[in-house]
Amino acid sequence: MEIGIVGLGRMGGNMARRLSRGGVRVVGFDPDPAVRRTVAADGAIEAAESSIALVHKLSAPRVVWLMVPAGSVTELAVQDVWPEMSRGDVLVDGGNANYKDSQRRAAALQSAGIGFVDCGVSGGVWGLDNGYALMFGGTPDAAEKVAAFARILAPGPDRGWLHCGPPGSGHFVKMIHNGIEYGMMQAMAEGFALLEGKREFALDLGAIAETWRHGSVVRSWLLDLTADFLKADASLADIAPFVADSGEGRWTVNEAVEQGVSAPVLALALMSRFDSQGNADFAHRMLAMMRKGFGGHAVKSGGTTP
């Protein structure tokens with residue numbers, strides 16, 4: 001078995017390592033030469049000097065797996081490699097692309113006889129040892145070629161991976177997965193904020209999280225991670241209250257609007273992230289001034305100007 005991986009960052013590099021450990025010949029490329037050297041030094045890949053060179057190092061029928069950021073970077077990577085590929089080859093997009101883009105790419109490549117598989121990958125930095133959850137879309141033939149690698153990448157050959165359906169379905173399922181993740185994280189953060197706010201009880205947040213990990217209805221991997229960092233620092237005083245958001249949360253909320261499906265938890269979790277980024281600051285200033293206008297309430301000064 002052999003595969004090409006374009007993009008050897010935290011996810012792509014560890015996926016290459018896991019596949020190599022499973023006996024797969026991995027040809028890898030990353031635009032950063034230092035990253036290529038590091039992964040090659042681990043014995044995980046045979047390094048290629050470009051994505052085009054990577055394709056030519058593989059025997060047909062090839063499987064080329066992209067692990068690059070969604071958007072223009074993915075678009076350019078697809079444009080680089082597909083002209084070098086042949087009928088019967090399969091191109092996999094393992095990034096968090098919009099499922100509509102994946103449907104478009106699959107249709108375009110189909111005319112050239114090249115299979116396209118959109119694969120949502122979850123597992124983060126822990127995937128190397130624990131395995132990755134993989135959800136992919138594509139034609140049955142293309143998906144079967146990817147399944148052989150999914151059995152190695154997943155936590156087990158018979159679990160943690162799924163051919164979800166036609167092209168686009170893998171990234172759609174991953175999008176909803178990430179939307180759910182937003183809601184779960186928000187609920188846990190709000191709950192612990194209430195615990196932290198009840199100062200009269202002097203609650204040990206780390207101990208509570210650890211207790212909930214065993215037998216509780218809310219036990220989860222997110223709670224495991226939470227318990228770990230709360231044990232080390234329950235105040236989080238040095239952490240800025242800024243939470244980034246990525247495309248999947250926004251796309252999930254847009255999908256709810258398009259389908260007319262009520263998803264208030266997912267939507268409010270996304271809005272809370274916008275608030276943390278300062279995107280509600282002007283609205284808050286407006287509210288303060290309206291209260292001053294109709295009720296003569298004091299306004300706190302000293303706000304920063306965006």
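So the values come out like this:
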item	result
Backbone HN-Hα couplings from phi across segment 270-276 [Karplus 6.51/-1.76/1.60, Hz, Gly and Pro as x]	5, 4, 4, 5, 4, 4, 5
Portion, in percent, of the accessible area of segment 65-130 that falls on carbon or sulfur, probe 1.4 Å	53 percent
Cross-link partners of residue 300 among aspartates and glutamates (Cα-Cα below 20 Å; sequence separation of 8 or more within a chain)	275, 281
1.4 Å probe accessible area per residue over segment 19-142, in Å²	42 Å²
Proximal lysines to residue 100, defined as alpha-carbon separation beneath 24 angstrom and excluding residues fewer than eight positions away on the same chain	145, 174
Segment 146-163 - phi-based ³J(HN,Hα) in whole Hz, Karplus 6.51/-1.76/1.60, Gly and Pro as x	7, 4, 4, 7, 4, 5, 8, 6, 6, x, x, x, 10, 7, x, 9, 7, 7
GNM result for the chain, Cα springs below 10 Å: residue of 193, 133, 106 fluctuating most strongly	193
Surface per residue (accessible, 1.4 Å probe) for segment 186-251, Å²	68 Å²
Segment 118-164: C-alpha gyration tensor shape, a/c 1.5 cut-off, then a/b vs b/c	prolate
Relative contact order of the chain, defined on C-alpha pairs under 8 angstrom at six or more residues apart (%)	11 percent
Solution diffusion estimate, µm²/s, Stokes-Einstein, the chain, Kirkwood Rh from C-alpha pairs, 10 °C, viscosity 1.306 mPa s	73 µm²/s
From phi via Karplus (6.51, -1.76, 1.60), per-residue ³J(HN,Hα) for segment 213-223 in Hz, x at Gly/Pro	5, 10, x, 6, 5, 8, 4, 5, 5, 4, 5
Amide H contacts under 5 Å for residue 89, placed H, 5+ residues apart	62, 115
Of every Cα-Cα pair in segment 1-151, the percent that sits beyond 20 Å	41 percent
Peptide ranges 248-259, 175-186, 159-170 listed from the most packed, as the mean C-beta count within 10 angstrom indicates	159-170, 175-186, 248-259
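The values are calculated or read from the model by the stated rules, or taken from the named source; none is laboratory data. Treat the numbers as computed from the prediction; the structure is a model and nothing was measured. Note that we place each Cβ from the backbone using ideal geometry, even for glycine, and neighbour counts take in every protein chain shown. Just so you know, the surface numbers come from the protein's heavy atoms only, side chains and all, with ligands and any DNA or RNA stripped out. Shrake-Rupley method; radii C 1.70, N 1.55, O 1.52, S 1.80 Å.
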